[in-house]
1. Go through the stretch 142-175 and give me each residue that's over 19 Å from T7 (Cα atoms), over 18 Å from the mean Cα position of the chain (by Cα) and crowded, with 20+ Cβ neighbours inside 10 Å.
2. Taking the condition of being touching a strand residue (DSSP E or B) at 6+ places or on another chain (Cβ under 6 Å), aromatic (F, W, Y) and either outside any helix (DSSP H, G or I) or surrounded by fewer than 21 Cβ atoms within 10 Å (Cβ to Cβ) (or both), how many residues in the stretch 45-74 meet it?
3. Of these, G245, G298, G329, which one is surrounded by 13 or more Cβ atoms within 10 Å (Cβ to Cβ), at pLDDT below 95 and touching a helix residue (DSSP H, G or I) at 6+ places or on another chain (Cβ under 8 Å)?
4. Do we find that G240 is open to solvent by less than 10 Å² (accessible area, probe 1.4 Å) and in a loop (DSSP other than H, G, I, E, B) in this structure?
5. Restricted to the stretch 93-136, and to residues that are at pLDDT 95 or above and among the small types (G, A, S), which residue is most open to solvent (accessible area, probe 1.4 Å)?
6. If you go through the stretch 193-220 one residue at a time, how many are touching a helix residue (DSSP H, G or I) at 6+ places or on another chain (Cβ under 8 Å) and open to solvent by 30 Å² or more (accessible area, probe 1.4 Å)?
7. Quickly run through the stretch 332-344 and pick out the residues that are part of a helix (DSSP H, G or I) and open to solvent by less than 20 Å² (accessible area, probe 1.4 Å).
8. If you check every pair at least six apart or on different chains, which have Cβ atoms under 6 Å apart with a residue in the stretch 104-119 that is in contact (Cβ under 8 Å) with a residue 60 or more places away in the chain first and a residue that is in a loop (DSSP other than H, G, I, E, B) and hydroxyl-bearing (S, T, Y) second?
Amino acid sequence: MPEKTETIVVVGAGVIGLSTALQLQEQLAPHQKILLAARDWPFTTSINYASPWAGAHYRPVPGNTPQALREETQARRTYAHLKHEATIPASGVEWVEGIEHLEDPPREYLAENALDNYTHLEGFRKLTDNELPTGVKWGVRYMTFTINSPVYCAYLLRRFILRGGETKETALVNVDEAFYLAPNVRTVVNCSGTGIGMGDSKSFIIRGQTCLVRNPVNVTLTRQNSDGTWSFCIPRPLEGGTIIGGTKQVNDWDPNPSLATRETLLRNATKWFPFAEGSKKEFDVIRDIVGRRPAREGGMRIEREEVGQRRTVVHGYGAAGRGFEISWGVAEDVVKLVKEAGLVGGKERAKL
């Protein structure tokens with residue numbers, strides 16, 4: 001007699017949820033399936049659905065805190081995975097040169113082991129004093145990736161569905177509701193960003209404002225200004241424009257773009273942006289972007305929790321502004337917790 005079908009519910013269709021759902025699909029037993037449940041999807045827009053608003057690019061972040069060290073390992077695994085995605089034009093991932101110029105480098109960038117965060121990057125080298133622009137005290141170059149985030153999220157969702165994944169549009173108030181979305185749900189994977197309905201006092205949002213412009217560029221450049229603020233440009237592949245950023249405003253719930261912020265972002269970027277030769281050296285603005293990054297004190301919550309008899313929640317939320325950079329590493333860590341608890345079949349399915 002065949003086993004009763006068991007559904008694993010993944011909550012959240014942001015880049016973390018989509019990556020995790022795809023990783024889980026490779027581990028399913030024949031009697032298991034995945035239901036991806038979310039309020040927001042790659043074809044919708046919401047200020048609280050951060051993934052489609054992202055730049056996004058890969059840039060190492062030196063540091064020796066437990067959070068920084070964990071994210072470093074997750075980022076390295078994601079970097080390796082995205083090398084493959086960049087070979088698929090429809091993914092919206094593209095390899096470009098990354099440049100960093102810091103006018104007043106924080107102490108973690110000057111630490112003896114700071115460059116260890118960069119050594120895995122192809123083409124990495126530290127810039128000599130003669131190569132640094134005026135006012136810049138620290139700089140590096142390397143090969144990295146940029147992502148057209150709406151295209152990439154839609155690409156991941158399409159792969160999930162083609163592999164047999166099911167979806168349900170729903171606005172959950174509490175993660176416990178997910179156990180009732182299908183018959184025989186034993187496992188819920190909580191990739192809801194802010195940890196929906198968990199009462200997690202460590203969760204908070206970070207408001208980000210950027211500006212999408214038409215000006216093309218073939219590098220992603222990050223610049224730290226002398227006052228400690230940061231500027232960056234991130235080209236979106238497949239002619240998606242260029243993101244100029246950005247801000248990080250903790251617990252700022254204002255949903256409205258600030259014209260003053262836009263002017264500051266563009267004024268700072270004008271100083272270093274590689275405008276096309278012969279152009280007016282002005283930005284052609286398409287739109288302002290405001291999004292709320294789901295953050296968490298101490299970094300992401302990645303742990304397994306028993307919430308009742310034969311009911312388990314595996315958490316993976318709170319990525320803040322590094323969701324794309326650490327997505328596949330996080331997905332692997334979450335799936336590992338599911339496997340260790342014997343909640344998913346060990347027979348690997350063929351990759352499509």
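The values are calculated or read from the model by the stated rules, or taken from the named source; none is laboratory data. Note that the structure is predicted; figures quoted are calculated from it, not measured. So basically every Cβ, Gly included, is an ideal-geometry build from the backbone, and we count neighbours across all protein chains shown. Heavy atoms of the whole protein, side chains included, go into the accessibility calculation; ligands, DNA and RNA do not. Shrake-Rupley method; radii C 1.70, N 1.55, O 1.52, S 1.80 Å.
1. Y142
2. 1
3. Testing whether each residue is surrounded by 13 or more Cβ atoms within 10 Å (Cβ to Cβ), at pLDDT below 95 and touching a helix residue (DSSP H, G or I) at 6+ places or on another chain (Cβ under 8 Å) leaves just G245.
4. no
5. G123
6. Here the count works out to 3.
7. Listed by number, the residues that qualify are V334, V335, V338.
8. D104/S226
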